[in-house]
Structures are given as structure tokens and as C-alpha cells.
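A.B. asks: Here it is: the structure, laid out below.
The values are calculated or read from the model by the stated rules, or taken from the named source; none is laboratory data. Because the structure is a prediction, the values reported are computed rather than measured. FYI the Cβ positions are ideal-geometry reconstructions off the backbone, even for glycines, and counts take in every protein chain you see.
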Amino acid sequence: MATIALANLHKRFGDFVAVRNTNLTVGAGRFVVLLGPSGCGKTTTLRMIAGLELPSAGRILIDGEDVTALRARERDIAFVFQMFALYPHMTVRDNIAFPLRNEHVPRHEIASRVGAAARMLRIEGILDRKTGGLSGGDRQRVALGRAIVRQPKAFLMDEPLGTLDADFRELMCLELRKLHNALAATTVYVTHDQSEAMAMADDIVVMNEGEVLQAASPHEIYHYPATVFVGNFIGSPPMNFLPVDGAVAAGQEQVLLHGAPVPVPRCGQAAGRVLLGIRPEHLALDERGPLRGRVVADEYLGSHQVLMIETALGMVRARVGKDAGLAAGAPVGLSLRRERALLYDQSSGRLLPGATQAGGGHG
Ligand code: ATP
């Protein structure tokens, strides 16, 4: 188990900044997921940790030791890619043993480590098969086996489930998490899929345009998104953001939405315009509610439905019971769960510090 620390890590490709002054600590034994849209710098960050890409500035520390200038093979870290290159003409056993043979590990030690990894991954029955004919899931298990036998200080995984179909991905997510619990090895995992991140991570690091916007537990990221971008990116459907009338003073307990008073948790002073953020499930149908609008579409999802409601403040999504019985065109009123309302500075997109916010900014 190792602690990985990134200190002011920065990466430029020519004039383009792919990773911007990143500070992040991955605690020993944690499963940390780098999450963000395509091109946000996840893979570049991972490749710098692995030693496959040199940072333009900043440092990488593993267990306190500065490894920034060390080559990949000197860092004792295993990397699992989406397209893991297995040797198709070799058996599963030989594929898994390959890195150990390279390091001249004694034969009995190789046999015992391969056996232990195969048991953990439940691939003992296919150890003597060639990898060429295996299913995607089995190939992924073999790739993981090859990483596990090295007993590295940490695992880095770049969209390792990317090629699998949706059902199988879900299963592999659970397996990966179980495997992590068994190995307790520090893992940094890259994905652009929020459900994968929510299902597996101890901590999620949300990135955009080379910057870390928030690093926190899935619960905190979901309930207290640090920025408007995070609130939009996490959650399906995303958080609603509604413009507040006028200025907001420190300690204020209500704001005006299109002239209607709405109670909110106390928060700090805002310098300029403010947005109120609220998740669709924290809106409730309420004839006397302060938000008024008209249903324009509904998405029936079996256990509940999501209504798209046109209001004077823009389109609002509300998650309501499956029996709400509202068709397109129906007028509705909505009330907001006070303790779930969050206020954001409109120009910076940042959450205003408030009494109920756990922790605070990271990264
Ligand atoms: P994806 O999920 O699409 O892989 P990502 O978040 O992993 O996205 P990166 O692969 O880290 O993104 O790339 C970040 C940005 O840096 C992208 O705009 C990419 O085009 C650019 N980039 C990455 N590698 C290079 C390179 N070797 N030369 C020039 N630009 C690069």
C-alpha cells in the first residue's frame, strides 16, 4: 500500500495545458477514481503517475519519495489499460506469469503467485487455455491477474472496462471493488462513466479542462457539488440551477426566485449574481409551491418519473412518483427541500460556503 501525492503537477503539450497545477493526495489503500469528460486530462494525469509521461512542472511523491524523475519500471506500479495487450498465442498461465519471469522470480514463487491470483479472479479453470479465444471479460481478468501477481505498490487503471457491454461492466465493477477490498492496494482508476465512479470509488476526483474541480467521497460530490459543472456532470438527470433575484447577504435564510420567496440554508456572502442548485429529487409537486410552470415532457422510469417543466426561470427537471398522473401541458407548482438547496456564485460557478457543507474544497 502506498500513498501517492501530486504537488502542483502541470502538463503542457506545446501551448496547450492538459493538466493544470494539480494537488492531490491518494491515501494508502484508497480506491480513487479520476472522472471527467473526454479530454479533461485524466489519462495524462495517470500516465504521469505511471512514469509514462514527464510533467512540465510539479512533483509526484510515492510514500513521500520524489519519483518524478524515475522511469516507469522503477516506480513499482502496475498499469491496466482498456486495450490490454495479452499474448494471444500464450496460455492464461503464461500471460499472468510473464512479468514475474521477466524479473527472474523463482519458479515455485511464480506458481504460487499465479495460483493465488487465479483463485482470486476465479479463472483457475482456464489457466491452460490460450488467451486468443477468450471472452472480453475473461481477457480483462487475465490482464488484472498479470497486474496483481507483481504485488505492486499501487494499481493504475485506464478505463479497464471500456470495451465490455453494459451488463458485464456492472458485474466487473462489483468484482473489481471486491478485488480491491481483498488486496487493499492503492488504486487510481480513470473513467468518464459516472455510474462506474459512484459504484466503486472511495473518493472521486472530478476534472474538467485539466483542472481538479472537486476531490471527495461519492456522497459529498453528489450532495455538495463544489461547482456548477460538477452538479451538472454528476447525477442523471443533472442538478437544476435557477437564477436568484438580486444579491444574497451572509446568513440570509431565504432567496427570491422570480419574485417568490424560497427558504434556503444560511450561507456566506455572494459577491455577485447567485444560482440556486437543487437536485430533481429534492423538488416536490406542491400546488402552493413557489416555482410555477408547465409540464413539457415526462420520462416514465417504472419506479418514478422525471418531469421536464418549463418555468419563467428556464427548464426544470423534477423527479416525482410514478403515479403523479401529469401529462404534457399540465400546470404544476413545485416546492424545494430547503436543506437540499445550494447557492452558487454565478460568475465563478463555485458553491458559496454554507453551514451545512461538509468538509470543504479539496484538490
Ligand atoms: P479521454 O477520456 O478522451 O481519454 P482524457 O481526460 O483522458 O480523455 P487526456 O488523454 O489526458 O484526456 O488528454 C487531455 C488533453 O491533452 C486532450 O485534449 C488531448 O488531445 C491532449 N493530449 C494528450 N496527449 C497529447 C500529446 N501527446 N500531444 C498533444 N496533445 C495531447
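A.B. asks: Does the stretch 281-301 include one or more residues that are under 30 Å from L24 (Cα atoms), at pLDDT 90 or above and touching a Gly at 6+ places or on another chain (Cβ under 6 Å)?
C.D. replies: Filtering the stretch 281-301 for residues under 30 Å from L24 (Cα atoms) gives none.
Checking the stretch 281-301: not a single residue is under 30 Å from L24 (Cα atoms), at pLDDT 90 or above and touching a Gly at 6+ places or on another chain (Cβ under 6 Å).
A.B. asks: Just give me the residues in the stretch 38-54 being within 7 Å of the ligand (Cβ to nearest atom) and either farther than 17 Å from N23 by Cα or touching a helix residue (DSSP H, G or I) at 6+ places or on another chain (Cβ under 7 Å) (or both), in sequence order.
C.D. replies: S38, G39 - these are the residues of the stretch 38-54 that are within 7 Å of the ligand (Cβ to nearest atom) and either farther than 17 Å from N23 by Cα or touching a helix residue (DSSP H, G or I) at 6+ places or on another chain (Cβ under 7 Å) (or both).
A.B. asks: List pairs: first residue in the stretch 41-58 and among the polar types (S, T, N, Q), second residue not in a strand (DSSP E or B) anywhere in the structure, Cβ distance under 7 angstrom, at least six positions apart or on different chains.
C.D. replies: From the stretch 41-58, the pairs are T44/E53.
A.B. asks: Here is a follow-up. Which of the residues belonging to the stretch 221-244 are surrounded by fewer than 22 Cβ atoms within 10 Å (Cβ to Cβ), outside any loop (DSSP other than H, G, I, E, B), in contact with a helix residue (DSSP H, G or I) (Cβ under 9 Å, 6 or more places away or on another chain) and free of Cβ contacts under 8 Å to residues at least 60 places away in the same chain?
C.D. replies: Result: Y222, single match.
Conditions tested, residue by residue: (1) of a type outside the set (D, E); (2) touching a helix residue (DSSP H, G or I) at 6+ places or on another chain (Cβ under 7 Å).
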site: E124; (1), (2): no, yes
site: V142; (1), (2): yes, yes
site: F155; (1), (2): yes, yes
site: L164; (1), (2): yes, yes
site: N181; (1), (2): yes, no
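A.B. asks: Which residues, taken from the stretch 14-36, are more than 7 Å from the ligand (Cβ to nearest atom) and either among the acidic types (D, E) or under 15 Å from the mean Cα position of the chain (by Cα) (or both)?
C.D. replies: D15, L24, V26, R30, F31, V32, V33, L34, L35
A.B. asks: If I filter the stretch 72-92 for residues that are within 15 Å of the ligand (Cβ to nearest atom) and either among the polar types (S, T, N, Q) or not assigned by TED's automatic domain parsing to the domain that holds L176 (or both), do I get at least one hit?
C.D. replies: Taking every residue of the stretch 72-92 in turn, at least one turns out to be within 15 Å of the ligand (Cβ to nearest atom) and either among the polar types (S, T, N, Q) or not assigned by TED's automatic domain parsing to the domain that holds L176 (or both).
A.B. asks: Just need a number here: residues in the stretch 318-336 that are modelled with pLDDT of 95 or more and part of a loop (DSSP other than H, G, I, E, B).
C.D. replies: Number of matching residues: 0.
A.B. asks: If you scan the stretch 132-174, which residues turn out to be touching a Lys or Arg at 6+ places or on another chain (Cβ under 6 Å) and either more than 17 Å from V33 (Cβ to Cβ) or not assigned by TED's automatic domain parsing to the domain that holds E196 (or both)?
C.D. replies: The answer is V149, and nothing else.
A.B. asks: For the stretch 126-160, name all the residues that are more than 16 Å from the ligand (Cβ to nearest atom), touching a strand residue (DSSP E or B) at 6+ places or on another chain (Cβ under 7 Å) and not in a loop (DSSP other than H, G, I, E, B).
C.D. replies: Across the stretch 126-160, the qualifying residues are K130, A143, L144, A147, A154, F155.
A.B. asks: Does the stretch 345-363 include one or more residues that are assigned to a strand (DSSP E or B), among the hydroxyl-bearing types (S, T, Y) and at pLDDT below 95?
C.D. replies: Taking every residue of the stretch 345-363 in turn, none turns out to be assigned to a strand (DSSP E or B), among the hydroxyl-bearing types (S, T, Y) and at pLDDT below 95.
A.B. asks: Which of (1) surrounded by fewer than 19 Cβ atoms within 10 Å (Cβ to Cβ); (2) away from the ligand (no atom under 16 Å from the Cβ); (3) part of a loop (DSSP other than H, G, I, E, B) does V248 not meet, given it meets every other one?
C.D. replies: It fails just one condition, (1).
Residues are listed down the side, and each one gets a yes or a no for (1) in the same structural domain as G289 (by TED's automatic domain parsing); (2) under 14 Å from the mean Cα position of the chain (by Cα); (3) under 30 Å from D202 (Cβ atoms):
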| site | (1), (2), (3) |
| --- | --- |
| S217 | no, yes, yes |
| P238 | yes, no, yes |
| D245 | yes, no, no |
| V248 | yes, no, no |
| G251 | yes, no, no |
| L257 | yes, no, no |
| A260 | yes, no, no |
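A.B. asks: Scan the stretch 204-218 and give yes if some residue there is within 16 Å of the ligand (Cβ to nearest atom), of a type outside the set (A, V, I, L, M, F, W, C), under 20 Å from E281 (Cβ atoms) and crowded, with 16+ Cβ neighbours inside 10 Å, otherwise no.
C.D. replies: No, every residue in the stretch 204-218 fails to be within 16 Å of the ligand (Cβ to nearest atom), of a type outside the set (A, V, I, L, M, F, W, C), under 20 Å from E281 (Cβ atoms) and crowded, with 16+ Cβ neighbours inside 10 Å.
A.B. asks: State yes or no: is D94 at pLDDT 95 or above and farther than 25 Å from G51 by Cα?
C.D. replies: yes
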